[in-house]
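Values in this text are rule-based calculations from the coordinates and carry no lab data. Here the structure is a predicted model, which means the values were calculated and not measured. Glycine gets a Cβ as well: all are built from the backbone with ideal geometry, and neighbour counts include every protein chain shown.
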Amino acid sequence: MEAARCGIGLTMYTVKEIYTTLQGEGAQTGRGAVFLRFAGCNLWNGLERDRSEAACQFCDTDFVGADGPGGGKFADAVALADAVARCWAETVKSPPSSCPSPQGEKGRLPQGRGYFGRPLSPRGERQSEGGLPPAKPYVVCTGGEPLLQLDEPLIAALHRRGFEVAIETNGTKAPPPGIDWICVSPKADTPLVLTSGDELKLVFPQAGAEPSRFEHLDFRHFFLQPMDGPELRANIEAAAHYCLTHPRWRLSLQTHKLIGLP
């Protein structure tokens, strides 16, 4: 069965929330995605009373517990991957390309038609109403720190459901193989283990985490993201100026906050 093919994985995954939105930051801005937010972080326990002891005191995310939309305890990788696939399907009204059909694994669909009657291409792929292949489902594994829980069996289970798998990590943990898109957001005074990937997104400014410390690393994209908070306007101006004078860096704004998305 699938659990055997994917491996055992964790005996339990603790998830804060699962929801669909548009990616609001970095190189994938504007792309529809399922956000899979794992509970827990290795740089802060998430409790306000202990924020002063956090490595990233500017953290704007609630990752404590499993009480968010779609959150909970998941017994294995298959159960969690199924929950992610359902979340995607409920939003786009069509399951990911390799999910079981509504008739089951052995169900038969009308000739030349796909899920919910959508036409198939000559190769058997579902097509959108405009005749183009559907977009590849995309899941962003985030936290907290997702690499405390994300493992090979879960990545494999998500791939089997057609998902492209991305992570947003603080870079202090080594990732398992198979991740399709790696975004690292370094924090000052923390050990950076993950020094290569697709994008490096640095919250700016941070004393002890100046951009020059990271620009030699092996990433395809380098972003400065102005630190949110009471100094946001000044931080935007400072980040924009730095990007203008250091062209390797690009500006990343939290566009989901600007337009009121989660």
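Structure values in brief
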{"item": "Flag for PHE63 being under 30 Å from CYS243 (Cβ atoms), in contact (Cβ under 8 Å) with a residue 60 or more places away in the chain, in a strand (DSSP E or B) and in contact with a strand residue (DSSP E or B) (Cβ under 6 Å, 6 or more places away or on another chain)", "result": "no"}
{"item": "Test: residue in region 215-238 that is at negative phi, of a type in the set (D, E, K, R) and part of a strand (DSSP E or B)", "result": "yes"}
{"item": "Search result, residues across region 177-214 that are over 20 Å from PRO247 (Cβ atoms) and in a helix (DSSP H, G or I)", "result": "none"}
{"item": "Candidate set: region 158-176, residues that are in a helix (DSSP H, G or I) and in contact (Cβ under 8 Å) with a residue 24 or more places away in the chain; chosen: the one farthest from ARG31 (Cα to Cα)", "result": "ARG160"}
{"item": "Residues satisfying the stated conditions in region 8-64, i.e. exposed (fewer than 15 other Cβ atoms within 10 Å of the Cβ) and at positive phi", "result": "GLY30"}
